[in-house]
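Engineer: This is the structure, below, for whatever I ask next.
Only the coordinates and a few stated rules stand behind these numbers; no lab work does. All figures in this text were calculated on a predicted structure; none of them were measured in a lab. We place every Cβ from the backbone using ideal geometry, glycine too, and count neighbours over all the protein chains shown.
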Amino acid sequence: MRAVLVHRGGHRLTTPCLGIRLAGGGEWQVYAPHGFADMFSLVVRPRPGHAPQSSYEAKARRWQEQRPELTVLPWPS
């Protein structure tokens, strides 16, 4: 299996900040700086300072249209 890298930070959401790869010795290496809780709970959480609020809200709205079971957290005040 080849390495899979979804994103390595700098994203407007915490959920896609996840990378998994198979290292040379057959060991899996996982990069998940925000953990897995939001991903497994289907929570979309903003990362203020990494993108404008409008970008977060547009992406989160599109995701929720595709997957209504998502919980989209509001942009912090």
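Engineer: Using amide H atoms built in the peptide plane, which far-off residues or other-chain residues are under 5 Å from V44 H to H?
Structural biologist: Excluding prolines and chain starts, which carry no amide H, the hits are T71, V72, L73.
Engineer: Just to be sure I understand the model, the point goes 7 Å from the Cα along the line to the Cβ. What's the resulting L42 to S77 distance in nm?
Structural biologist: Label at L42, label at S77, 2.9 nm between them.
Engineer: Tell me which of V72, G49, F36 sits at the most positive position along the dipole axis of segment 36-77, charges placed on C-beta atoms (Lys, Arg +1; Asp, Glu -1).
Structural biologist: The listed residue farthest towards the positive side: G49.
Engineer: Only sites in a loop by DSSP and with at most 13 other Cβ atoms within 10 Å count here; which chymotrypsin sites (Phe, Trp or Tyr not before Pro) in segment 25-56 make the cut? Please report the intermediate quantities before stating the final value.
Structural biologist: Values: sites: W28, Y31, F36, F40, Y56; in loops: F36.
Those that pass, being in a loop and sparsely packed, are F36.
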